[in-house]
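The values are calculated or read from the model by the stated rules, or taken from the named source; none is laboratory data. Quick caveat, the model's predicted, so the values are computed rather than measured. Note that we place each Cβ from the backbone using ideal geometry, even for glycine, and neighbour counts take in every protein chain shown. Quick note on the areas: whole protein, heavy atoms, side chains included, nothing else; ligands and nucleic acids left out. Shrake-Rupley method; radii C 1.70, N 1.55, O 1.52, S 1.80 Å.
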Amino acid sequence: MSDTHAESIAFVRESSLPPAAPPDKVGGPLKWVKDNLFPTWANALLTVVALYFLYLLLAGSLPWLLNGVWGASSLSECREVLDGATGACFSVLTERWHQLLFGFKYPSDQYWRPTLALVLLFLAVAPVLFIDLPRKMLLFTGIYPFLAFWLIWGGPIWGPLFALVGVVVGYMVYARLVHNSFAKALAAGLLAAIAVWYVGGFIGDALRPASPLLEAVPSRDLGGFMLNMMLGITCVSLSLPIGIALALGRQSHLPIVKGICVVFIEFVRGVPLITLLFVANVMLAYFFPPGSGVDLFIRVVIMITMFSSAYIAEVIRGGLAALPKGQYEAADSLGLDYAQAMRLIILPQALKISIPGIVNIAVGLFKDTTLVSVISLFDIIGMIRGPILASTDWNGVYWELFLFASVLFFIVCYGISQYSQWLERRLATDHR
Amino acid sequence: MAETAQMQVSDEVAIRINNMNKWYGAFHVLRDINLTVHRGERIVICGPSGSGKSTLIRCINALEEHQKGSIEVDGTLLSSDLKNIDKIRSEVGMCFQHFNLFPHLTILENCTLAPIWVRKTPKKEAEETAMHFLEKVKIPDQANKYPGQLSGGQQQRVAIARSLCMRPRIMLFDEPTSALDPEMIKEVLDTMIELAEEGMTMLCVTHEMGFARQVANRVIFMDEGQIVEQNEPEAFFNNPQSPRTQLFLSQILGH
């Protein structure tokens, strides 16, 4: 009986089945077209309709693009060359590219300075963006803001040099004392830096050369796409650390710190950026000591940074909230203090979660820098709407100019977006 | 085994809890807890869910704050002073139900992080220690993987190794096997048994009664935030005194 039983029900696998290869993929371009474009009648119809619209779009724009005139010196000359045919008048770009890129007052023999600053920018941000590069490159990243300031604004080298020395001395004092108390070290570092800046100011005045190595360019002479890039890069790199501080402050158990952060974030988020820019233009001067004459560029940077740091703080708060409570507890149970737990455990994970949101705000902020054109700064949009369209030569060339501005912005924003996707893949360690 | 276990317990007090009380809002979670743990003792805490057993051991390393009474760990009185708390936490290792490994760090980095930053151990030395303990929990070959690539049992063993790298004098286990498949429970329990045999002072919240019988020198039964009964494992399982304990044991051992 046991035999029959064994044969009818019990089963023992004596060797495991060998792993088999998946079935061959039957493919080829024709099959792809059939599967993806014409799988059913309804889908085939949609494909045809979509192709028709694509045709309309290209039929409208391609002749205009390809038939463009590049060599004329004014819009009327363009029209003569075209002689009634459809075509763009790209001559405005070849004629006025320097104004679109650098503004209309930046001395044209000095264009190499901002260009060099842009090239060096890639070197400076590389170690920040690509964590696999040697950490020693961060040294140049630290020097870069002062170098770029000197290159773009020119003037005596003493200003940026003493600013840099002040930061270095402040940091050294801070690093010396931080083992005892974070707050005392921070205060001492700040005091040391301010002392160096103060003394440096006198030395710089005394050493002021008759003609500086680089010709000084005042802020109101900056313009064009250069101004957008400068505002965008400065404000993004300032608002990220401030946003992190605000997000952590909002989670703090200290009621005053928390209160300040909440009020700041809620106030700034509740006000349109353009209002803040008008405040920067007109009102902010009242808050600084009379006669200090804080530069309009700096005032605008302060306002845009305030605005975007409040948004970034909220995105990071979302990332912090998404972390399981166990991560905080594990860090605590190992004896890490607050700063270590945040820096080593919490923020790396929270920031990784927040990357899409932060990039969203960075891209938005970069495009919002065009709003400065309403407070009569001549960024690329200000240049187009002001000096270029107002000139008799180019009055009426809208499409070409705004297309050019769009392409510039698209290149930068698409680059940021692609980078962030690469970064997310690079940091993916959860293997979900 | 039970005899050698008894031998290892010294008179030195590792943890002394006096009249400790804790409330969540108005809810009284822990009521008049008195507990003295000697160096080398292995204590298993069991009880129905919501009885406060996890809260009790989480109070010992200040993951939860108690409102009344005192907790003394290795002679240090637990107060709201952050320096005291950090000192106690670096001496007391803890393993969680959900492992709580750091998913953005490799296994080796998980193990070396706290020694490097809290103990200021040189990186190389910390890595050697980490490899030593990873070998002890039998997963040195996974050192460069990320936690997400490991099975639950392996992750929990890494969590134990991570705690051991801080060379703790006391280990707390908060339901270390409750989130694991039956096949993986054994590998984690084996690691814990090995640890117990080396004389580590351990407090385990667990429902693994076989483990309690084999390893514990004391079993504590909690209900409604109070210690209802505590005894040596033999006496506790064979001859429970309070009706609540009898009911609990009949329910978990009954099938």
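Values as computed for the structure displayed
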| quantity | calculated |
| --- | --- |
| With all protein chains modelled, accessible area of A:Leu54 [1.4 Å, Å²] | 100 |
| Inter-probe distance in nm under a simple model that places probes 7 Å from Cα toward Cβ, at B:Asn84 and A:Val48 | 8.3 |
| Range in chain A, longest, excluding exposed chymotrypsin sites (Phe, Trp or Tyr not before Pro) [loop by DSSP; at most 15 other beta-carbon atoms within 10 Å] | A:131-432 |
| Per residue accessible area of chain A, 1.4 Å probe, in Å² | 60 |
| Förster radius 45 Å - calculated FRET efficiency between B:Lys120 and B:Gln230, Cβ distance, rounded to 0.05 | 0.70 |
| Anisotropy class of the stretch A:28-171 from Cα gyration tensor, a/c 1.5 cut | oblate |
| Buried accessible area, chains B and A (both chains, 1.4 Å probe, Å² to nearest 100) | 2000 |
| GNM flexibility winner over chain B from B:Ala212, B:Ala159, B:Ala26 (Cα, springs under 10 Å) | B:Ala26 |
| Per chain A, cysteines lacking a partner by the 4.7 Å Cβ criterion | A:Cys235, A:Cys261, A:Cys413 |
| Residue-level accessible surface for B:Cys111, protein heavy atoms, 1.4 Å, Å² | 0 |
| Over the protein assembly as shown: Kirkwood hydrodynamic radius from C-alpha pairwise inverse distances, Å | 31.5 |
| Given A:Lys105/A:Lys136; A:Lys136/B:Lys124; B:Lys87/B:Lys136; B:Lys22/B:Lys138, the pairs whose alpha carbons are separated by over 28 Å | A:Lys105/A:Lys136; B:Lys22/B:Lys138 |
| Relative contact order computed over chain A (Cα-Cα under 8 Å; 6+ residues apart), in percent | 16 |
| Within a Gaussian network of chain A (alpha carbon springs, distance under 10 Å), most fluctuating of A:Arg220, A:Arg176, A:Arg317 | A:Arg176 |
| Among A:Val48, A:Val363, A:Val165, residue whose mean-square fluctuation peaks in a GNM of chain A (springs only between Cα atoms under 10 Å) | A:Val48 |
| Surrounding net charge for B:Phe96, when Lys and Arg each add one and Asp and Glu each subtract one, Cβ distance under 9 Å | -3 |
| Ellipsoid semi-axes in whole angstrom, largest first, where each is sqrt(5λ) of the Cα gyration tensor of the stretch B:146-255 | 27, 16, 12 |
| Cα centroid of the stretch A:62-130 to Cα centroid of the stretch A:186-216, whole Å | 38 |
| Two-decimal Rg to Rh for the stretch A:112-426 - Kirkwood Rh, Cα set | 0.98 |
| B:His38 accessible area, 1.4 Å probe, all protein chains in place, Å² to nearest 10 | 60 |
| Relative contact order of the stretch A:154-242, defined on C-alpha pairs under 8 angstrom at six or more residues apart (%) | 38 |
| Under 13 Å, Cβ to Cβ, from A:Leu75 - net charge with Lys/Arg +1 and Asp/Glu -1 | -3 |
